[in-house]
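The values are calculated or read from the model by the stated rules, or taken from the named source; none is laboratory data. Worth saying up front: this structure is predicted, and the values here are computed from it rather than measured. Counting neighbours? That spans all protein chains shown, and the Cβs are built from the backbone with ideal geometry, glycine included. Remember, those area values only see protein heavy atoms, side chains included, never the ligands or the DNA or RNA. Shrake-Rupley method; radii C 1.70, N 1.55, O 1.52, S 1.80 Å.
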Amino acid sequence: MRQFIHGIAENNHYQATHLLQILRQIQSRYHYIPEAAIEQLSGLLSIPRTQIISVIEFYSFFHLTPRGRYELLISDSITDHMLGKKDLLDYLAKKLAVAVGAVREDGLVSLENTSCTGMCDQGPAGLVNGYALTRLDRSSIDKIVELVNQQKPLDEWPKELFLVNDNIYKSGLLLDRQMEQGAALKSAFKRGVKATLAEVDKSGLRGRGGAGFKTATKWQFCSEEQQSVRYVVCNADEGEPGTFKDRVLLNSYADQVFEGMTVCAAIIGAKQGFLYLRGEYLHLYDKLQSILNQRRQNGLLGTNILDQGLDFDIEICLGAGAYICGEESALIESLEGKAGIPRNRPPYPVTQGYLGKPTVVNNVETFLAAASIAVNGGDWFADIGTEKSKGTKILSISGDCARPGIYEYPFGTTIQTVLNDCGADDVLGVQVGGPSGTFISNQEFDRKLAFEDLATGGSFIIFNSSRNILDMVHNFTHFFAHESCGFCTPCRVGTSLLQKQIDKIVEGHGSAGDVVALEELCQLVKNYSHCGLGQTAANPIITTLERYPDLYQNRLKEISYEPGFDLDGALTTARRMANRDDAGAHLAQTDAFGSRPVASLPPSLAVGE
Amino acid sequence: MSKTITIDGKVIPFEEGQTIMDAAMAAGVYIPHLCHQPEFTPHGSCKLCTVKVNGRNCSACTFPAADGQDVLNHTEELIEDRKKITQMLFVEGNHFCPSCEKTGNCQLQAVAYHLNMLDNHFPLFYPDREVDASHDEVMVDHNRCIFCTLCVRASHEKDGKDVFAISGRGIHKHLIVNAESGLLKDTDVAATDQAAHICPTGAILIKRTGYQVPIGQRIYDHQQIDQVSLATEHPKHGE
Amino acid sequence: MANKIRVATTSLAGCFGCHMSFLDIDERMLQLAEVVEFDRSPITDIEHCTNCDIGLIEGGVCNSENVHVLREFRNNCKILVAVGACAINGGLPAMRNHIPLEECLNEAYLDGIGVENPKIPSDIELPLLLDQVHPIHEIVKIDYYLPGCPPSADVFWKFLTDLIEGREPSLPYELVHYD
Ligand SMILES: Cc1cc2nc3c(=O)[nH]c(=O)nc-3n(C[C@H](O)[C@H](O)[C@H](O)COP(=O)(O)O)c2cc1C
Ligand code: SF4
Ligand code: SF4
Ligand code: SF4
Ligand code: FES
Ligand code: FES
């Protein structure tokens, strides 16, 4: 092991910034990070062991204790649930004879849930040793169980288990044609770098990662910083449940994305770029590396690109299971080999980003669009869309519809149009923008996709009338509690409290005061959290409570208060040990005589009259 | 002309590079805080210092002061919400003040007193956490840690060591120490380290000193934290 | 005299420290007695409370009987007050919360030091233990909280006189203590 670890450290030039990449390799080899490895790395990278442990314990894909030689993770996205995930997971656990969350006694296999793996159009999905599994059903599970028990190496598993489809059903401005390699760079150099920035500006392109900041302005700010070193980062963390368009773009349009990054580098004067690829997309890694190599061979990356004196290269860094690393400053921390904890702002990444240097962070789709704009000019893009939202938006559509997949629409398109195209009927509502976005009801389908109306990073999950909205809220609320980085109090504690409160209501223990308490808590988490995760974590509750107050009220009992835990259940151990089961050994969840009715509370202060 | 901000209507001068917290405290205006101490790099995690800057919530300890900012600090809404954030800190750990050596000297408790917090409001988590009494002179009671990272910063920035770190994610955050055994006795911590004295709560304690001052005569028994904080952290405030 | 304010008190999983502290209001008790009469309380012999104005609860909820008593108070008191650390956050009894109940019972009745005739008590007269100790606000709705372990006599006095005189009860800084 010493030699193995020394080798990895050497390949990574003993750089602590590469800690995540190093740990990924160790985890993949040993299925955990052994104590001896921590000790050794601490010496080789000259960082305290505590720093290594805090990274291991932050990311879902790293472990301090051994996982199975086959690490099976099943996606816990609401879309997987809608496709029957729960039954499948139970079936898998039973077949493998391992509990969810545990390692089988022989150490061969471990099973666990994981946050959305970005396969919502082809779920239920999972990961085995980091590689994506799609379209799970009983027969593929039977096969997997057999392969595991036979200890077949992954490369001997049937390819169809790992088949990932693009499912592009509607293409527009961006997806219609594949750009020729080098075309955007050639146009940019021909037009001139400054003039190209002016075209990006004219195009009105705004960031596609969610916040919608104007791209040209970001690039401009970065280029104006008085620093000689700058960086370009492509955010391919795509962790928002229900989003998978960046996966498709990197699978089939990667050249164009890299080209967008290179154009950006030429404009801002960066020599180094990073593609931060979520760990769940490991299956794309080799392909992307070979595209980068090809580009180097073709003079589109490396030194003196297209003989224009531009030096720029791109490195791919893999994440390790943390939604928060999609937040740009957390992403930068992660790139630096640390836990993904959002930084204090200001300073923003454009002034102090990677290693404290000015850094542009953009979404995959943003770079893709920028490359097209470099070729076709700003007007070509700005002619389409609405006043404040130019061009098109690529949607990831999943949930209850006939054709889940990728759809590209001009901004301004109505929800109804989208629903018609993907074959969705009997729709109850749509979650636009993922759990951090908005739930809209079937009364609002004339609303439009646009920053000025329904802004979205691209997640579009459809629910038909057989679905229970509270199940969705429950799933999303658990997602945020699981993904909170824990840095700030309102989100660390607040998301867990939201989870407790929602569980209480969903499980039928809610009482009159609970919805008020819930609303109050939502506002607290929203208004006081440090970053976008906490600030949006209450959105599933807020947006559904606004639209379906009855849904919540109906779950509440007409009493002033009910415990949030199972009272009678809390006596189980004592009953068993005392060997009792008489009436006195049980407790009703609510008072038999009925606790005070709501109306007589709060008590009046004018007592004794 | 020096630059100024206003806090609750009061005009307060500041120097370039100062945060709202720096400017306020220097001018004798207390903003509640737990994860902040002026000698250390601001952290911005507890969110107790949240103020409204031109209508937007910001952490005073990290947000730079800028000319003309209109800051609200002592409003009913902010006080109520800060109380709830404090209650969150109480329920996520195990704070049984009657059995805590730090009672009366504890900043978490003092802030709670200052905000007139009478109950916990939220359900309690009762997490299962350890006490590390392995070291001869210094002990860590994880039940009371609020993850302010002051000990982490003090150890790194002042003591030139890295005894402490915060590990884990979300609600599973926890303090770890720099030793293979995971025990304080195997670290290079010393009772003279600043890190051993900086903890705002009773999570890091120096052994055998707890009851030198009787309960009832402790720092916050008679003085509110706003006064204590201004006097100790900004002795020259208002000059 | 018909209109005296009816006060009931009880100790659940507490140490009676709060009751002792209440009695520390000393001679002010006489003043109080002019406007207050005590219903169910350790200081009276009344077994069940009926139609009270104020219920003062000391201690948290650790067993089934605590739940019944607490509910009786909630059903019969206009204003229910959590008195002391144990009622508010479980207090010292809640320090058992991270130890599984099974271990607690084993230690106490089976394999602890000095245990004679090891046997888990089993009698329908005995209340069963809950697996954790809970603050009372997690079982019923609580109207006011008096922190302290115990709250000082002055806290009781200030709170009750506020209520009796029709003011919204409040505690000044000097009276807020958790120890
Ligand atoms: C919790 C959280 C998760 C995010 N995840 C992503 C993501 O997966 N991909 C992305 O491009 N942006 C994500 N963002 C937004 C980024 O912080 C940032 O705004 C974006 O990458 C900027 O690129 P753009 O201007 O091209 O949109 C996330 C933000 C937050 C708060
Ligand atoms: S809001 Fe949540 S995710 Fe963001 S910094 Fe705070 S704890 Fe971390
Ligand atoms: S650390 Fe402070 S708040 Fe916590 S128990 Fe000790 S005195 Fe109380
Ligand atoms: S031990 Fe104390 S100083 Fe260190 S993080 Fe915890 S609360 Fe802060
Ligand atoms: S003091 Fe500012 S966030 Fe803690
Ligand atoms: S019983 Fe009064 S404080 Fe515990």
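List of remarks:
- All conditions in (1) more than 16 Å from ligand 5 (Cβ to nearest atom); (2) in a loop (DSSP other than H, G, I, E, B) hold for B:PHE147, with the sole exception of (1).
- For region C:121-136, the set of residues classified as at the interface with chain A (Cβ under 8 Å from one of its Cβ atoms), closer than 11 Å to C:ALA13 by Cα and part of a loop (DSSP other than H, G, I, E, B) is empty.
Results for (1) in the same structural domain as A:SER203 (by TED's automatic domain parsing); (2) part of a loop (DSSP other than H, G, I, E, B); (3) open to solvent by 40 Å² or more (accessible area, probe 1.4 Å), shown as yes or no for each residue.
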{"site": "A:VAL145", "(1), (2), (3)": "no, no, no"}
{"site": "A:VAL148", "(1), (2), (3)": "no, no, no"}
{"site": "A:GLN151", "(1), (2), (3)": "no, yes, yes"}
{"site": "A:LEU174", "(1), (2), (3)": "yes, yes, no"}
{"site": "A:ARG177", "(1), (2), (3)": "yes, yes, yes"}
{"site": "A:GLU180", "(1), (2), (3)": "yes, yes, yes"}
{"site": "A:LEU185", "(1), (2), (3)": "yes, no, no"}
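- Residue among B:HIS135, B:HIS197, B:HIS142, B:HIS174 that alone is of a type outside the set (S, T, N, Q) and more than 12 Å from ligand 4 (Cβ to nearest atom): B:HIS135
- Residue match in region A:59-76 (condition: in a helix (DSSP H, G or I) and within 26 Å of A:GLY486 (Cβ to Cβ)): no
- Qualifying residue in region A:459-472 (condition: buried (at least 18 other Cβ atoms within 10 Å of the Cβ) and either within 16 Å of ligand 6 (Cβ to nearest atom) or part of a loop (DSSP other than H, G, I, E, B) (or both)): yes
- Any hit, region A:405-421, residues being farther than 26 Å from A:ARG208 by Cβ and either out of contact with any strand residue (DSSP E or B) (no Cβ under 6 Å at 6 or more places or on another chain) or small (Gly, Ala, Ser) (or both): no
- Test set (1) under 30 Å from A:ALA402 (Cα atoms); (2) within 14 Å of chain B (Cβ to nearest Cβ); (3) touching a Phe, Trp or Tyr at 6+ places or on another chain (Cβ under 8 Å) - A:CYS485 fails condition number: (1)
- Of the residues making up region B:66-97, those that are touching a Phe, Trp or Tyr at 6+ places or on another chain (Cβ under 7 Å) and open to solvent by 10 Å² or more (accessible area, probe 1.4 Å) number 3.
- Residues that are part of a helix (DSSP H, G or I), open to solvent by 40 Å² or more (accessible area, probe 1.4 Å) and hydrophobic (A, V, I, L, M, F, W, C) within region A:155-172 comprise just one, A:PHE162.
- Residue in region B:118-131 that is among the hydroxyl-bearing types (Ser, Thr, Tyr), in contact (Cβ under 8 Å) with a residue 40 or more places away in the chain and touching a strand residue (DSSP E or B) at 6+ places or on another chain (Cβ under 9 Å) present: no
- You will find that of C:PHE38, C:PHE73, C:PHE22, the residue that is without any contact (Cβ under 8 Å) to a residue 40 or more places away in the chain, aromatic (Phe, Trp, Tyr) and open to solvent by less than 80 Å² (accessible area, probe 1.4 Å) is C:PHE38 and no other.
- Identity of the residue in region B:159-216, in contact with a strand residue (DSSP E or B) (Cβ under 7 Å, 6 or more places away or on another chain) and basic (Lys, Arg), that ends up most open to solvent (accessible area, probe 1.4 Å): B:LYS207
- All positions within region B:114-142 that are open to solvent by 20 Å² or more (accessible area, probe 1.4 Å), within 14 Å of chain C (Cβ to nearest Cβ) and either within 15 Å of ligand 3 (Cβ to nearest atom) or closer than 20 Å to B:LYS47 by Cα (or both): B:HIS114, B:ASN116, B:LEU118, B:ASP119, B:HIS121, B:LEU124, B:PHE125, B:PRO127, B:ARG129, B:VAL131, B:HIS142
- Those helices (runs of 4 or more DSSP H) lying entirely in region A:240-350 with at least 1 residues surrounded by 24 or more Cβ atoms within 10 Å (Cβ to Cβ): A:245-252, A:254-268, A:328-335
- Where a residue in region A:329-346 is within 16 Å of ligand 5 (Cβ to nearest atom) and its partner, wherever it lies, is in a loop (DSSP other than H, G, I, E, B) and acidic (Asp, Glu), with Cβ under 8 Å and at least six apart: A:PRO342/A:GLU327
- Residue within region A:461-468 that is more than 20 Å from A:GLY429 (Cβ to Cβ), more than 9 Å from chain B (Cβ to nearest Cβ) and free of Cβ contacts under 8 Å to residues at least 24 places away in the same chain present: no
- Residues that are outside any loop (DSSP other than H, G, I, E, B), in contact with a helix residue (DSSP H, G or I) (Cβ under 9 Å, 6 or more places away or on another chain) and not hydroxyl-bearing (Ser, Thr, Tyr) within region A:534-563 comprise A:GLY534, A:GLN535, A:ALA537, A:ASN539, A:PRO540, A:ILE541, A:ILE542, A:LEU545, A:ARG547, A:PRO549, A:LEU551, A:GLN553, listed in sequence order.
- When restricted to residues that are touching a strand residue (DSSP E or B) at 6+ places or on another chain (Cβ under 6 Å), open to solvent by 30 Å² or more (accessible area, probe 1.4 Å) and within 16 Å of ligand 2 (Cβ to nearest atom), region A:515-566 contains 1.
- Region A:82-121: number of residues that are part of a loop (DSSP other than H, G, I, E, B) and more than 25 Å from A:ASN167 (Cα to Cα): 11
- Of all residues in region B:78-95, those that are under 15 Å from B:HIS172 (Cα atoms) and within 13 Å of ligand 4 (Cβ to nearest atom) have Cβ atoms under 9 Å from Cβ atoms of residues that are assigned to a helix (DSSP H, G or I) and of a type in the set (Ser, Thr, Tyr), 6 or more apart or on another chain, in B:LEU89/A:THR489; B:GLU92/A:THR489; B:GLU92/A:SER496.
- When the test is whether a residue is under 13 Å from B:ILE20 (Cβ atoms) and either within 16 Å of ligand 1 (Cβ to nearest atom) or touching a residue at least 24 places away in the same chain (Cβ under 8 Å) (or both), B:CYS49 passes it.
- Every residue from region B:19-52 that is aliphatic (A, V, I, L, M), more than 16 Å from ligand 2 (Cβ to nearest atom) and not in a strand (DSSP E or B): B:ILE20, B:MET21, B:ALA23, B:ALA24, B:MET25, B:ALA26, B:ALA27, B:VAL29, B:ILE31
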